[in-house]
1. Of all residues in the range 325-355 being closer than 19 Å to residue 39 by Cβ and assigned to a loop (DSSP other than H, G, I, E, B), which is farthest from the chain's Cα centre (by Cα)?
2. So which helices (runs of 4 or more DSSP H) stay within the range 41-102 end to end and still have 3 or more residues that are within 26 Å of residue 299 (Cβ to Cβ) and modelled with pLDDT of 95 or more?
3. What single numbered condition from (1) closer than 30 Å to residue 121 by Cα; (2) under 22 Å from the mean Cα position of the chain (by Cα); (3) buried (at least 22 other Cβ atoms within 10 Å of the Cβ) fails to hold for residue 279?
4. Please find, within the range 229-258, the residue that is farthest from residue 200 (Cα to Cα) out of those that are within 16 Å of the ligand (Cβ to nearest atom) and aliphatic (A, V, I, L, M).
5. Can you name every residue in the range 210-220 that is part of a loop (DSSP other than H, G, I, E, B) and within 12 Å of the ligand (Cβ to nearest atom)?
6. Under 23 Å from the mean Cα position of the chain (by Cα) and in a strand (DSSP E or B) - does that describe any residue in the range 182-204?
7. With respect to the numbered conditions (1) at pLDDT 95 or above; (2) in a loop (DSSP other than H, G, I, E, B), which one is the sole condition not fulfilled by residue 358?
8. Which condition breaks for residue 304 when tested against (1) hydrophobic (A, V, I, L, M, F, W, C); (2) buried (at least 18 other Cβ atoms within 10 Å of the Cβ); (3) within 21 Å of the chain's Cα centre (by Cα)?
Amino acid sequence: MDTYSNFKKYLQDELSDIKSAGLYKNERIITSPQGAVIKVSTGQEVLNFCANNYLGLSDNKELIEAAKEAMDSRGFGMSSVRFICGTQDLHKQLEAAIANYFGTEDTILYAACFDANGGVFEPLLTDQDAIISDSLNHASIIDGVRLCKAVRYRYANADMEDLEKQLQKAQSQRFRLIVTDGVFSMDGNVAPLDKIYELANKYNAMIMVDESHSAGVVGKTGRGTTELFDLKGQIEIITGTLGKAFGGAIGGFTTGKKEIIDMLRQRSRPYLFSNSIPPAIAAAGIRMFEMMDRTNELQDKLHANTDYFVTKMQEAGFDIKPTQSSICAVMLYDAKLSQDMAARMLDEGIYVTGFYYPVVPKDLARIRVQISAGHKTEHLDKCIAAFTKTGKELGVIK
Ligand SMILES: *Cc1c(COP(=O)(O)O)cnc(C)c1O
């Protein structure tokens, strides 16, 4: 047998293992724009409760207009990395808008937050330094940390006693960087940044927060966890994405202290060796941050929607994890139940996703609901009614 037929057999076996473990991922085909109401390829129209479209901007007319105008005035693509000939005025304006939004000193753009996290550690820290990382941090942080030679410490999710222990262990290193997601995507809990900040001061450490699920969402005006904990401008490094609340297209960023951003421009590999984001994306991003400066309407709507949903679901008898974001984990505990319930919800016209081990701990299966400012009260009511109906049918509630 030739090499490929051996490899093919190996992959086929692995893939069938994934399938028999029930972990094989299929894509659902959407034939409409992303939104609160979407059309899927079967022709069915469903209400979408599993997008990261927290502000409902994925199909926003003003952003689409800004993108179209930029295509006419600045072209389609950059065909270059930033430091060769891939920087337009738009890229600089967007970087400034992001720094302004978060109250930071400077910003560097990436193609995605996955790249921002992949390229943030290795240029800044060496084997003399320490990274102290939350156990539930995003995969891109884990990968980024792997690319760096710093000594690694891990603390249990949002566990401040454990963080303190790890900081004590890390005292012999030169510099210490605590790294955390702002909002953890499976539970919707917020990192206790106030306590992390106290410990960082006590043990002489810097902080990095990944605001991907919190930017635009958390805090009265959506400025993220640094707003929620009154720490704007106090955190050394913030990473985030333009691919969630901020329009949902593509793009990531690192924002924070001037010298840190400057060093990333010199040495961060996903920045140096990967293409610039297209003009249309940059222009829509600038327009989006103008919108954020102009009005707090979308945050107000999002927060009201989330409160409404959580309250009604609790009244219906569901067990909802305490959330400080717009992620609501409806706890079902049993893996099969989470899949059965998600399937029945789809029959009711509600698109939600069930998560179970290994994505969440064993016996903590759940349906994760993501609330959006784009949801109307009638959408929320329909979702709650579908949960109540299927929940009764499956014996989840009485
Ligand atoms: C979604 C997400 C990312 C990746 O963002 P992209 O811009 O889609 O690459 C990184 N970190 C966290 C915490 C995320 O939730």
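1. Selected residue: 348.
2. Details: elements: 61-74, 82-85, 89-102.
Per the criteria, 61-74, 89-102.
3. So the condition that residue 279 fails would be (2).
4. Just the residues of the range 229-258 that are within 16 Å of the ligand (Cβ to nearest atom), to begin with: 235, 237-256.
From the residues that got through so far, the ones that are aliphatic (A, V, I, L, M) too are 235, 237-238, 242, 245, 249-250.
Values: 235: 10, 237: 13, 238: 15, 242: 28, 245: 29, 249: 34, 250: 32 Å.
Per the stated criteria, the residue is 249.
5. Quick first cut of the range 210-220, residues part of a loop (DSSP other than H, G, I, E, B) only: 211-220.
Once the filter is applied, which keeps residues that are part of a loop (DSSP other than H, G, I, E, B) and within 12 Å of the ligand (Cβ to nearest atom), the range 210-220 yields 211, 212, 213, 214, 215, 217.
6. Just the residues of the range 182-204 that are under 23 Å from the mean Cα position of the chain (by Cα), to begin with: 182-197.
Retained after the next criterion (residues that are in a strand (DSSP E or B)): 183, 190.
Yes, that holds for at least one residue.
7. (1)
8. Result: residue 304 fails condition (2) only.
The values are calculated or read from the model by the stated rules, or taken from the named source; none is laboratory data. Computed from a predicted structure; not experimentally measured. As a convention, Cβ positions derive from the backbone with ideal geometry for all residues, glycine included, and neighbour counts pool all protein chains shown.
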